[in-house]
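Visitor: Just passing along the structure, written as structure tokens.
The values are calculated or read from the model by the stated rules, or taken from the named source; none is laboratory data. Bear in mind the structure is a predicted one, so any value in this text is a computation, not a measurement. Heads up, the Cβs are rebuilt from the backbone with ideal geometry, glycines too, and the neighbour counts pull from every protein chain shown.
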Amino acid sequence: MYRNEFDRLLASDKPLPRAVMLYGECEFFFDHYTQRIIDRLPDDVESLKLYHNEFNLDQARSHLQEPGLFGSGNLLIAKSEKKIDAKSLKSLLEALDRNPSCWLILHYEVNDAKDFRAKSPLFDPKKHPDRCFVRFFEPKPQEAALFLKDLAAQKGLTLGEAGAHHLLRLNDYNLALSIGELEKLAIIGSSEAKAMDQVVAGHAEGDLFDLVRQLLSKRPFVRELDQLFLEGMDEISVVGELQKILAQLFLFFCSARLSGQPDSREILGYRLPKDIEQERAALAIRLSRRHFMEILEALSDLELLFKSPEAHYGDKRSQLLSRLIEIQTKIL
């Protein structure tokens, strides 16, 4: 089933499935819906968490077979980025079937749709009424904004649609990162864009990436540069952030060369929405290794110039514009 169907199930009075396999693209939903399931279970359920390399089949099966310490049963939460063979999965489900006071939540984080399709019949509610599988997709920007607005309201914070998109934009439209920053806004009691810019750590580059997009596509970029200055950035900050973005794109370039398909989670530590991930990969592979080295060297020289004592006497803004034009016309 999909997320909206699972939402209806959780909101209903129907009994919870005792075995749930969560699969898909948005990792935030894995933990979010795990907590929603836990909220429906008795308070004294004994939980065992086996994450990734901690996963041990014998230990997991033993936990599901044992009676709960306080009589309310056991819950196993397992996370795996590696494929679990069908035989092992069946043995877990058989242990669960023999103990009706236990539950299993499996975060199946294997990026293999074919493997998921092979495993999903074991959780098909039509064949097994006390089991289900839920597939998540990366939410589109509008959907993520609505979700963020609802969570903000639960925290007593009024977040408009523009504010939700601004917060998501600061975090590469990564829902998990945005919700983490939402906690800070709730503490200070403000959801204004200015407050976000002050307290949000920011994992995205906002208008800076707009500048990079224009620059690398060999299109006019002065409007994007002026916007950064209007937002209060200075020339040294712009150069530093451009270096960070180009270094990130170089990692996408290397990943594409090694695997053919860059994985933002491996590069950044969190997964970008698919369209953003694809855009960055597409930009990265337009350049060669020589392009990256020469652009980063040009930016490094400019940073050194700006930080030298002589920089006080020059027009930094003109020097920045001149160097970016040089990059666009002579290097690219």
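Visitor: Take Ser191 and decide whether it is among the polar types (S, T, N, Q) and modelled with pLDDT of 85 or more. Show your work before the answer.
Guide: Details: among the polar types (S, T, N, Q): yes; modelled with pLDDT of 85 or more: no.
Considered against the rule, which asks whether it is among the polar types (S, T, N, Q) and modelled with pLDDT of 85 or more, Ser191 comes out as no.
Visitor: Tell me yes or no: at least one residue of the range 232-255 is modelled with pLDDT under 85 and either within 25 Å of Phe28 (Cβ to Cβ) or among the hydrophobic types (A, V, I, L, M, F, W, C) (or both).
Guide: The answer is yes, given that some residue of the range 232-255 is modelled with pLDDT under 85 and either within 25 Å of Phe28 (Cβ to Cβ) or among the hydrophobic types (A, V, I, L, M, F, W, C) (or both).
Visitor: Quick one: what pairs do we get from the range 133-152, first residue closer than 15 Å to Arg3 by Cβ, second aromatic (Phe, Trp, Tyr) and in a helix (DSSP H, G or I), C-beta under 6 Å, 6+ apart or different chains?
Guide: The qualifying pairs are Phe133/Phe123; Val134/Phe6; Phe136/Phe29.
Visitor: Does the range 131-188 hold any residues that are among the β-branched types (Val, Ile, Thr) and modelled with pLDDT of 85 or more, and which are they? Spell out how you get there, then give the answer.
Guide: Of the residues in the range 131-188, the ones among the β-branched types (Val, Ile, Thr) are 134, 158, 179, 187-188.
Residues satisfying the conditions are Val134, Thr158, Ile179.
Visitor: Would you confirm, using the coordinates I've provided, whether Ala186 is in a helix (DSSP H, G or I) and outside the structural domain of Leu320 (by TED's automatic domain parsing)?
Guide: On the way: in a helix (DSSP H, G or I): yes; outside the structural domain of Leu320 (by TED's automatic domain parsing): yes.
Considered against the rule, which asks whether it is in a helix (DSSP H, G or I) and outside the structural domain of Leu320 (by TED's automatic domain parsing), Ala186 comes out as yes.
Visitor: For Glu266, which of the numbered conditions (1) of a type outside the set (A, V, I, L, M, F, W, C); (2) under 25 Å from Gln328 (Cβ atoms); (3) touching a helix residue (DSSP H, G or I) at 6+ places or on another chain (Cβ under 8 Å); (4) loosely packed, with under 14 Cβ neighbours inside 10 Å fails to hold?
Guide: If we test Glu266 against (1) of a type outside the set (A, V, I, L, M, F, W, C); (2) under 25 Å from Gln328 (Cβ atoms); (3) touching a helix residue (DSSP H, G or I) at 6+ places or on another chain (Cβ under 8 Å); (4) loosely packed, with under 14 Cβ neighbours inside 10 Å, just (2) comes out false.
Visitor: Next question. Taking the range 38-53 only, how many residues are at pLDDT 85 or above and part of a helix (DSSP H, G or I)?
Guide: Selection size over the range 38-53: 3.
Visitor: State which residue pairs qualify: first residue over 27 Å from Arg40 (Cα atoms) and inside the range 73-90, second residue among the acidic types (Asp, Glu) and assigned to a helix (DSSP H, G or I) in any location, beta carbons under 8 Å apart, and separation of 6 or more residues or different chains.
Guide: Lys83/Asp115
Visitor: What is the residue count in the range 234-288 for residues that are over 20 Å from Arg323 (Cβ atoms) and of a type in the set (Asp, Glu)?
Guide: 5
Visitor: What are the pairs, 6+ residues apart or on separate chains, where a residue within the range 265-286 that is over 12 Å from Leu251 (Cβ atoms) has its Cβ under 6 Å from a residue that is of a type in the set (Ser, Thr, Tyr) and at pLDDT below 90?
Guide: Listed by first residue and then by second, the contacts come to Arg271/Ser264; Leu272/Ser264; Pro273/Tyr173; Glu277/Ser264.
Visitor: If the Cβ limit is 8 Å and pairs must be 6+ apart or interchain, which residue in the range 22-41 that is at negative phi pairs with which residue that is among the β-branched types (Val, Ile, Thr) and part of a strand (DSSP E or B)?
Guide: From the range 22-41, the pairs are Leu22/Ile105; Leu22/Val134; Tyr23/Val134; Tyr33/Val134; Thr34/Ile77; Thr34/Ile105; Ile37/Val20; Ile37/Ile105.
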